[in-house]
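Novice: I have a structure here, written as structure tokens, and I will follow up with some questions on it.
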Amino acid sequence: MSPARSTDGPRSDQTPIHVAIIMDGNGRWAKARGLPRFEGHRRGVEALRRAVRSAIEHDVRYLTIYSFSSENWRRPPDEVAVLMGLLKRFIRNDLADLHKNAVRVRVIGERESLAPDIRVLLEEAEAITRENRGLSLIVAFNYGARHEIVAAARRLAMEARDGRIDPDSIDEESFASRLDTADIPDPDLIIRTSGEMRLSNFLLWQAAYAELVFMPILWPDFDEAAFVAALEQYAARERRFGAVIKPTAVMTAS
Ligand code: IPE
Ligand code: IPE
Ligand code: MG
């Protein structure tokens with residue numbers, strides 16, 4: 001059974017079940033220090049390790065990290081190669097440690113156009129950690145929300161064409177179950193570092209009721225304190241999901 005979607009209602013304990021992070025600002029971090037962009041990406045991996053630790057520490061159940069967007073292929077080939085290399089190194093170096101900490105790794109995004117060695121690594125990471133019941137670490141790699149949504153629509157259309165589903169039965173739940181994030185609750189909190197205030201094609205369907213926190217910090221500087229600051233902003237928000245959470249007391253004539 002799929003877990004309760006977090007849009008079912010407000011959580012009482014103020015801790016987000018699912019935090020998603022747009023890890024942005026590696027290039028600017030490097031530029032500010034007169035370093036090549038790849039140095040920012042390299043330091044960004046260390047920030048990612050800190051974020052995973054913080055998520056476990058604060059009892060977040062799902063952490064989604066935007067590692068490479070479907071639009072990031074537009075970058076110079078040598079930068080793309082560095083980002084691919086860092087993903088490989090992260091999986092190779094950190095998988096044992098993640099597994100030891102009961103982290104379940106899942107990958108969302110389009111895999112077919114990735115190099116075979118990366119595909120194998122991603123599949124291995126998922127297979128090895130499948131039974132883990134700690135933090136779910138969802139790696140969005142070669143991910144683009146519009147692509148994901150179109151793919152879900154195509155799947156439904158093919159099932160309808162083949163007579164396996166009735167088009168009239170298509171609803172939000174059946175649509176969501178065809179997304180890469182099927183069985184993963186919607187993000188409660190989306191953090192974007194670097195001061196940019198946009199989603200850049202990240203979790204567009206799933207973000208419908210997410211709380212957005214934009215932070216000026218550049219990703220390589222992201223640490224436990226920044227994570228806690230984002231959690232605090234989240235805790236101070238009032239999530240209404242379109243409803244009236246605290247109806248004004250009905251005044252009765254006395
Ligand atoms: C985020 O940092 C990493 C990826 C997008 C892969 P950037 O590389 O986008 O850094 P800025 O935005 O240029 O500073
Ligand atoms: C979003 O950052 C993608 C990732 C963090 C992986 P970008 O740096 O690619 O986004 P834009 O180009 O500023 O919108
Ligand atoms: Mg950027």
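Novice: Working only within region 169-198, note down all residues that are within 16 Å of ligand 1 (Cβ to nearest atom) and on the phi < 0 side of the Ramachandran plot.
Specialist: Listed by number, the residues that qualify are ILE190, ILE191, ARG192, THR193, GLU196, MET197, ARG198.
Novice: Residue under question is ALA20, and the condition is that it be within 16 Å of ligand 2 (Cβ to nearest atom) and within 19 Å of ALA207 (Cα to Cα); does it hold? Even if it seems obvious, please write down each step before you answer.
Specialist: Values: within 16 Å of ligand 2 (Cβ to nearest atom): yes; within 19 Å of ALA207 (Cα to Cα): yes.
Yes, satisfied.
Novice: Please go through region 36-90 and pick out each residue that is within 12 Å of ligand 1 (Cβ to nearest atom) and not in a helix (DSSP H, G or I).
Specialist: Scanning region 36-90 gives PRO36, ILE65, TYR66, SER67, PHE68, SER69, SER70, GLU71, ARG75, PRO76.
Novice: Same structure again: What's the number of the only condition in (1) free of Cβ contacts under 8 Å to residues at least 12 places away in the same chain; (2) outside any loop (DSSP other than H, G, I, E, B); (3) not polar (S, T, N, Q) that ASP117 fails to meet?
Specialist: Here ASP117 meets the rest and fails (1).
Novice: Within the group GLU211, GLU224, which residue is surrounded by 15 or more Cβ atoms within 10 Å (Cβ to Cβ), in contact (Cβ under 8 Å) with a residue 24 or more places away in the chain and charged (D, E, K, R)?
Specialist: On inspection, the qualifying residue turns out to be GLU211.
Novice: Yes or no: ASP171 surrounded by 14 or more Cβ atoms within 10 Å (Cβ to Cβ) and among the acidic types (Asp, Glu)? Working first, answer last.
Specialist: Working: surrounded by 14 or more Cβ atoms within 10 Å (Cβ to Cβ): no; among the acidic types (Asp, Glu): yes.
Answer is no for this residue.
Novice: Here's something else I'd like to know. Does ALA176 satisfy being within 17 Å of the chain's Cα centre (by Cα) and open to solvent by 20 Å² or more (accessible area, probe 1.4 Å)? Outline the logic, then answer.
Specialist: On the way: within 17 Å of the chain's Cα centre (by Cα): yes; open to solvent by 20 Å² or more (accessible area, probe 1.4 Å): no.
No; evaluated as a whole, the condition is false for this residue.
The values are calculated or read from the model by the stated rules, or taken from the named source; none is laboratory data. This one's a predicted model, so the numbers in the text were calculated from it and none came from an experiment. Please note: Cβ atoms are built from the backbone with ideal geometry, for glycine as well, and neighbour counts cover all protein chains shown. Please note that ligands, DNA and RNA were not included when accessible areas were found on the heavy atoms of the full protein model with its side chains. Shrake-Rupley method; radii C 1.70, N 1.55, O 1.52, S 1.80 Å.
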